[in-house]
């Protein structure tokens, strides 16, 4: 805070020069008050800070006539234009149009429902929330229920006890108040205990920043680290487009490293090293490395050896390790398990002094899938305390994340235990969801691998498959003629023919000349055969059309 | 979307050059894949885009040795350092230290509680939520309740009906799913109807973007409009520091216009004009004008004539009007009422074609004060559809705002009506809160005006008073000696002596040489006499100490 306090003092405290006791009836014609140094100072005789006036965009005419054209696509922030987010991109916009047609003129489309496999949104496809979590949520929303006799008839005893404990932990029992900017302290304590139990290494509640889903945390870290286009962030390719979008919005450079599809989307250390070297040689200051584990869109679960190598690499190169660990509960193979990067780093003997590590988590995935409640956290370790103060300040500008998401995050990190009334129901709900997801992942991957020209790694974890499709030259030509990326062309055709919404691989990045799409494993299990049959029929017809 | 699709195509689709059917066992050494043009292209023989490599910060040495120092306060994004947010700034950090001392060593501080008057956070000071709103929230959280007989004994019939109607309006009844990126359509319809009822002019659900409180909407508009430091936003001074913080984070220039304290914080049109002219002459492209009505921290309610002049000004000058209308329900004087800027513009005959107007609203203020639930909306009118598509895209990167905030926003725009079971309780809760806030505002302003050297305009609306304090020269000298802004020095002394937390005027901006603080009117009515007595005693002693 020291440094920023000095800046504030320099910028706003020229004002002490007069201490007139009566407010002037009208302030002086041109006060130098501005947040951006002395940019406004020119006309009252102060020195002008050239750098703030001579930016790169000096094409606009700067006359005294106020600029009077309205805002248009040609004069908005170009960083907004650059940002792309395929998961809700043009295919989804087209799906919404089809949804509208289906509603108003069902005969105009060749399917009777849209199947949204574009986004990891389990409850939108019928997954039911965990009862205990929702009981507690309702009691915290309306604490008056805790005083009513009827409540004991319709809520489990442990949900009542948990809600009471959560509400008591909120200052003034005020579930409608802004919390501390990092989140309610008592909830952060619970979450830190959950992390500690998971990792067998200590976690500090003051390192936890509760967020509205994982995305705002990622944005905060990008905002903190990216100064200009010469600052780079290493990201896996394929990647979840939040990263490319956030880097574009914060004006940095995405430094790609490619996952190896032929090795189950494995991560090769020599690839990381050569990419870093090349980026550095190009004048990019690489500041951080993003790892998504389990992988999105790729579904792989990293081996512990691979994780150790990544930690060592970040330590050696002085990179912040940004670990997207939102799928930590979604693992479907027996020979893999989730290990947090913090546990890996600590078990290698690396402490806070050795490596800057941020772990992102969320209430949106796992077996809970509470996407719409927008809850998440980032655990920020290894940063100087004055840097952490700056993260806290940025968090403060938005006051706090939403309390219902905060509460849900604490429940996920501390679910019912053996002996609790809800335990049995909780475990049966959880296990049913996870085992069904595992079956669906397997069923869909097998079906995709049976299609001509399609190869698909299994989903060891997460919620997606990312099959590779060989597109006939005819399809590639037709796509170009239509002004479309070839995999977008394929996905658009699939959507038009079947109502199945998937996301083109180009939205995630892929080795040039290869084509993929991402499909979630989330449709209800009983619908999978129909979806597979629709996919298969479409694919065969597509090949017939374009191989001709 | 057209333009951005082209950009995407240019940047990522060089990849069509090969369509090898087998994934290479290892991708080529340096693929040009990057979101920032061809910045990475140098080493594989492609043309390098100089502009992305030759940014302003070329001081770092750019050797092939990877940059290996860790992140420090000296190498984070300087825009983060510049951003200040006094409402949760150093005084509040100090208050937290005192809170800790009070807990662990009560004898070490001269008060028995901290009174947080720094932030408009009503429920943290004991304000109770509106029962109907929380009943509906609980039922939507745990829809299973709707099927239980006991529910009818403990929930009002209209809360049950409303929850059923809300849940039916959510696709698939999935209250845990991501919604449309603008928010659940049915909720936006309800909100648009509420706006229409308030204004007697039509509102379009597709113009509504539901947000996690008003702040994210403000950030989105800053992100959209600010290209670099030469783009300016006009803001009132004093202002709510969200605006200065957001402009700093998005690298724009704050163009201040000063409210006239001697005229009840009125807005003089000649002030607006001269500020715009001076900014334009300095090379600033002024893009938008922020108005906060009712005012924060100033509490004034604009006259309709004033509002008409502002609308005319924005129309004539081609400025986007950003109307912060979050205090629209908080009005305490009989001779003023809230009129939305959209109603003013439409009643002047101006349509979507004439003026770009964004109205921000929130669930955090009014009589509801649901700060912690983080709900809000912005109504975006007058923008080209392709610009609106860009706002939608940015909203999509964060997926959606939280559902419980969305639901609450719809309730606030459509509260119980005459004849509903909850109507009587609802109106009595609402009216008790608003009339008490009015009494508290009056009581506190009167007391402040009795203090020597303090003048304070009344709060016509909002939740704050912004008294002006004449500081003795001795205090100003002592402040400088302590390295503090004089009003911060005063507030810090007040906090240390009384436990009352207020925010220095310098955090909001003020005419140079004048000093103020912002204090909320939110402490419980019964505590007001004690607070006033503490304030008075402190102030007298402070003057005694420094007038000597």
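Rule-based calculations on the coordinates, nothing more; no lab input. This structure is a prediction, so every number in the text was calculated from the model and none was measured. Using ideal geometry, Cβ is built from the backbone for each residue, glycine included, and neighbour counts are taken over all protein chains shown.
Table for the structure above
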| item | result |
| --- | --- |
| Within region A:176-412, percent of DSSP bridges classed antiparallel, to nearest 5 | 35 |
| Nitroxide proxy distance, nm - points 7 Å out along Cα→Cβ at residue A:473 and residue B:334 | 8.7 |
| Simple spin-label estimate for residue A:201 and residue B:198 in nanometres, 7 Å along Cα-Cβ | 5.0 |
| Sites residue B:418 and residue A:147, calculated FRET efficiency, Cβ-Cβ separation with R0 45 Å, nearest 0.05 | 0.95 |
| Helix-derived mean residue ellipticity, 222 nm - over chain B, DSSP H n ≥ 4, -39500 (n - 2.57), to 500 | -13000 deg cm²/dmol |
| Equivalent ellipsoid dimensions for region A:176-412 as semi-axes, Å, which come from the Cα gyration tensor, largest first | 26, 21, 17 |
| Sorted by Cβ density within 10 Å, fewest first, the residues A:269, B:409 | A:269, B:409 |
| Antiparallel DSSP beta bridges within the protein assembly as shown, as percent of all bridges there, nearest 5 | 50 |
| Shielding by partners, peptide B:138-147 (average Cβ within 10 angstrom, other chains) | 6 |
| Principal axis dimensions, largest first and in whole angstrom, of region A:378-500 by Cα | 56, 44, 28 |
| Length-normalised contact order for region A:176-412 - Cα pairs under 8 Å, 6+ apart - percent | 27 |
| Chain B - percent relative contact order, Cα under 8 Å, separation 6 or more | 18 |
| Calculated FRET value between residue B:386 and residue B:481, using beta carbons and R₀ = 56 Å, to 0.05 | 0.50 |
| Computed Kirkwood radius, in angstrom, where 1/r is averaged over Cα pairs of region A:442-516 | 13.0 |
| FRET efficiency, residue B:104 to residue B:157 (Cβ-Cβ, R0 51 Å, nearest 0.05) | 0.55 |
| Projected label distance in nm at residue B:303 and residue A:435, using a 7 Å step from Cα toward the beta-carbon | 7.5 |
| Kirkwood Rh and Cα Rg combined as Rg/Rh, chain A | 1.01 |
| Extension reserve of the residue B:111-residue B:262 stretch, reckoned as 0.36 nm per residue once the Cα distance is removed | 50.8 nm |
| For residue A:101, label point 7 Å along C-beta direction: distances to other copies, nm | 7.0 |
| When the convex hull of its Cα atoms is projected in every direction, mean area for region B:357-400 (nm²) | 3.6 |
| Equivalent ellipsoid, region A:131-248 (semi-axes from 5 times Cα gyration tensor eigenvalues, Å) | 37, 15, 15 |
| Shortest-first nm distances, residue A:423 label point to equivalent points in other copies (7 Å, Cα→Cβ) | 5.1 |
| Using a 7 Å Cα-to-Cβ projection, residue B:548 label spacings across copies, nm, ascending | 10.0 |
| Length-normalised contact order for region A:202-316 - Cα pairs under 8 Å, 6+ apart - percent | 26 |
| From the C-alpha gyration tensor of the protein assembly as shown, square roots of 5λ in Å | 46, 34, 29 |
